[in-house]
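Visitor: One structure coming up, written as structure tokens, with questions to follow.
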Amino acid sequence: MESPGAALMQRIQAHDQQALGMLYDHLAPLLNALLFRILADRQEAEEVLGEAFWQVWKNATSYDPRRGPVEGWVIKIARNRALDRLRARRRREAHTARYEEEERLLAVGPLPPPEEVVLRGEQSRVVADALEALPKEQRLPIELAYYEGLSQTEIADRLAQPLGTIKTRVRLGLLRLRHALEPLLGERA
Amino acid sequence: MPEELQELCALYALGLLEPQAAADLEARLRAGDAAVMRELEAFRQVVELLPYALTPLPPDPAVRAQLMARVRAAVQESHTAAPPHRVPAHLRQPLIWLPTAAAVLFAVTAGWFAYDLRQQVTVLKTQVQQLRSVAGDHERLLTLLTSPSVKVVTLTGTEHAPAAGARLLWDTQRGAWTVLAHNLPALPAGKAYQLWFLTAGTPVPSDTFYPDAQRRGIVQAQLPTGRADIAGAAVSIEPEGGVSQPTGPIVLAVKF
């Protein structure tokens, strides 16, 4: 099944501004949540959001549908930009947060104001349930890699576990997710 | 599939594989290893779904308005710069299509005017915000230029960008750099400019940035803490998001 963004992306590649607005409306709440999760700063998240969609507009022709759905491409652009900012921020600031605090953040995530909470769709619920069902030791390395952009060595240091253990946990965690998300993977193929 | 290979695929999909191991896996892909392709594709899809676990967070409507205003401005600019449009030959045939086109145009235009007026108000509001932002940037730049604690250093273009140049404003009090680059070459798709602090050892990475329509770029960076051996600055072309070690051509450089 074609992803909802595919037709919009074809129009964006033909310089259709309205299509860009529609793609923004389709993805902005999800991306903003992701960027806020990474940066923990509302203003910075929205700055990166605007920059990411500007990049989508400028580089629309570089999107290759053979490499996955549009949504994944846009998510990747936004996440890379956010991680770029996060790394720059880390270079500026001493990273003093204790592991317990990070674990709490990872477990709960930054909560948006109640009035901005939008009902999750079925897809979101399935993914959230799958993640929550993962054993914590498998979920943490995956989240540290995805939301903080840490390397495998940094994750091993952060979690005080041998590198080999981290690699195994990542594999097992992604395999469990793959099994739990199988119906969605079929939809996106 | 062997567990070891499956592990490599999982780590690759999550961006955790070391460069050499990643290159080895990519070589298998290029060689058409169908099992690796299937495994990677499945893990890639899983990773792409991760953010869907988050509760959607609608952004401030101003973000959308600013984006669309920026796009409109860029389109208008490109239209202004475009050469005169030549009417295609098939449209220069006897104008049998004209009455239909005129009727359609009239109907569309009436509805469009109402919509467009509302859009213009939004655009104008956004432009005011942008102008305020630009004025603020100029004021900050002027303050920086007239500050006694600011040193000015010139970066010159290398053989990869001989026409390019930049001024580095070094605020010695705040330990911050502002680099104003000009005549930057257009970037290939998927690339960005990245600033580097040159040291006695390996360069220290800083932020990435993009040139504007006038091929100018600005990047601000805080000097890395605890490094007293900053010996120069450089700008290179790197993958978007930046890298930890320079991999692309250096376009601007200076040694202090």
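Visitor: Quick check: from the Cα gyration tensor, does region A:133-189 come out rounded (a/c under 1.5), prolate or oblate?
Guide: It is prolate, given that a/c is not under 1.5 and a/b is the larger ratio.
Visitor: With θ taken as phi - 60° and the coefficients 6.51, -1.76 and 1.60, list the Karplus ³J(HN,Hα) couplings across region A:53-69 in order, rounded to whole Hz; mark glycine and proline as x.
Guide: Working through the residues one at a time gives 6, 4, 5, 4, 5, 5, 10, 4, 6, 7, 6, 10, x, 5, 9, x, x Hz.
Visitor: Quick one: what are the phi-derived ³J(HN,Hα) couplings along region A:166-183, Karplus 6.51/-1.76/1.60 with θ = phi - 60°, whole Hz, x for glycine and proline?
Guide: Karplus values, whole Hz, x for Gly and Pro: 4, 4, 4, 5, 5, 4, 5, x, 5, 5, 4, 4, 4, 5, 5, 9, 3, x.
Visitor: State to the nearest 20 debye the size of the charge dipole of region B:19-82 about its Cα centre, where the only charges are +1 on K and R beta carbons and -1 on D and E beta carbons. Can you show the working numbers first?
Guide: Values: 7 positive and 8 negative charges, 52 e Å.
Using only the charged Cβ atoms, the result is roughly 240 debye.
Visitor: May I have the extent of the alpha carbons of region A:1-55 along their three principal axes, as whole Å values ordered from largest to smallest?
Guide: So the three principal-axis extents are 34, 25, 14 Å.
Visitor: While we're on this one: According to the square roots a ≥ b ≥ c of the eigenvalues of the Cα gyration tensor, what is the shape class of region B:26-78, taking rounded for a/c under 1.5, prolate for a/b larger than b/c otherwise, and oblate for the remainder?
Guide: Working: a/c = 7.68, a/b = 1.84, b/c = 4.18.
Oblate, since a/c reaches 1.5 and b/c is not below a/b.
Visitor: Taking amide H positions as placed 1.01 Å from N in the peptide plane, with prolines and chain starts having none, which residues 5 or more places from B:ALA176, or on another chain, fall under 5 Å of its amide H?
Guide: So B:ALA176 has HN proximity to B:ASP171, B:LEU223.
Visitor: With +1 on the Cβ of every Lys and Arg and -1 on the Cβ of every Asp and Glu, and nothing else charged, how large is the dipole of region B:141-256 about its Cα centre, in debye rounded to the nearest 20? All intermediate terms of the calculation are to be shown ahead of the outcome.
Guide: Numbers: 8 positive and 7 negative charges, 49 e Å.
Result for region B:141-256 is approximately 240 debye, rounded to the nearest 20.
Visitor: Next up: For an R0 of 41 angstrom, estimate the FRET efficiency from the Cβ-Cβ distance between A:ARG92 and B:VAL108 and round to the nearest 0.05. Walk me through the numbers on the way to the answer.
Guide: On the way: r = 52 Å, r/R0 = 1.27.
According to the calculation, E is roughly 0.20.
Visitor: Using the 10 angstrom Cβ neighbour count as an exposure proxy, how do A:MET22, A:MET9 rank, fewest first? Display every interim value, and only then the final one.
Guide: Values: A:MET22 17, A:MET9 23.
In increasing order of surrounding Cβ atoms, one gets A:MET22, A:MET9.
Visitor: If you don't mind, another one. Which cross-chain or sequence-distant (5 or more) residues have an amide H under 5 Å from the amide H of B:VAL251, H modelled 1.01 Å from N in plane?
Guide: B:VAL235, B:SER236, B:ILE237
Visitor: Determine the dipole magnitude for chain B: charges of +1 sit on the beta-carbon of Lys and Arg, -1 on that of Asp and Glu, nothing else is charged, the reference point is the Cα centre, and the result goes in debye to the nearest 20.
Guide: On the way: 21 positive and 22 negative charges, 286 e Å.
Its charge dipole is roughly 1380 debye.
Visitor: Here's something else I'd like to know. Using all C-alpha to C-alpha distances in region B:125-256, build P(r) with 10 Å bins and read off the rounded percent in each one.
Guide: In whole percents, the pair-distance histogram is 12, 42, 34, 11, 1.
Visitor: Arrange A:LYS136, A:LYS58, A:LYS76, A:LYS167 by Cβ neighbour counts within 10 Å, fewest through most, would you? If you can, show how the numbers build up before the last one.
Guide: Values: A:LYS136 10, A:LYS58 14, A:LYS76 18, A:LYS167 21.
Least crowded to most crowded, the residues run A:LYS136, A:LYS58, A:LYS76, A:LYS167.
Visitor: Rank these for me by crowding, A:ASP64, A:ASP157, going from fewest to most other beta carbons within 10 Å. Don't skip to the end; give the middle numbers.
Guide: Details: A:ASP64 8, A:ASP157 13.
Ordered by Cβ neighbours within 10 Å, fewest first: A:ASP64, A:ASP157.
Visitor: Using the C-alpha atoms of region B:129-206, what convex hull volume per residue, in cubic angstrom, is computed? It would help to have the intermediate numbers written out before the result.
Guide: Details: hull volume 11.4 nm³, N = 78.
Cα convex hull per residue, to the nearest whole number: 147 Å³.
Visitor: Right, next: Let me make sure I get this right: for chain B, a, b and c are the square roots of the gyration tensor eigenvalues over alpha carbons, sorted descending. Under 1.5 in a/c it's rounded, otherwise prolate if a/b > b/c, else oblate. Which is it? It would help to have the intermediate numbers written out before the result.
Guide: Values: a/c = 1.92, a/b = 1.19, b/c = 1.61.
Oblate shape, in that a/c is at least 1.5 and b/c is the bigger or equal ratio.
Visitor: Provide the per-residue ³J(HN,Hα) series for region B:146-154, in order, calculated from phi with Karplus coefficients 6.51, -1.76, 1.60 and θ = phi - 60°, each as a whole number of Hz, with x at glycine and proline positions.
Guide: Whole-Hz 3J(HN,Hα) from phi for region B:146-154: 9, 6, x, 8, 9, 9, 10, 10, 9.
Visitor: Would you please name the GluC sites (Glu not before Pro) within region A:10-93 that are DSSP coil residues with at most 12 other C-beta atoms within 10 Å of their C-beta?
Guide: On the way: sites: A:GLU44, A:GLU46, A:GLU47, A:GLU51, A:GLU71, A:GLU93; in loops: A:GLU93.
Sparse-neighbourhood loop GluC sites (Glu not before Pro): A:GLU93.
Visitor: Can you list residues whose amide H is under 5 Å from B:GLU240's amide H, if they're 5+ apart or on another chain and H is modeled 1.01 Å from N?
Guide: B:LYS191, B:ALA192
Visitor: Hey, another quick one. Can you list the equivalent-ellipsoid semi-axes of region A:33-74, largest first and in whole Å, using the square root of 5 times each Cα gyration tensor eigenvalue?
Guide: Details: eigenvalues 108, 30, 5 Å².
Over the Cα atoms of region A:33-74, the ellipsoid semi-axes are 23, 12, 5 Å.
Visitor: GNM on chain B, C-alpha springs below 10 Å: top fluctuator among B:GLY201, B:GLY15, B:GLY165?
Guide: Taking springs between Cα atoms under 10 Å, the residue moving most is B:GLY15.
Every read-out reported here was derived from the displayed coordinates using simple, explicitly stated rules and does not represent laboratory data. As the structure is a computational prediction, the values presented were derived from the model and not from experiment. Cβ: placed from backbone, ideal geometry, glycine included. Neighbour counts: every protein chain shown.
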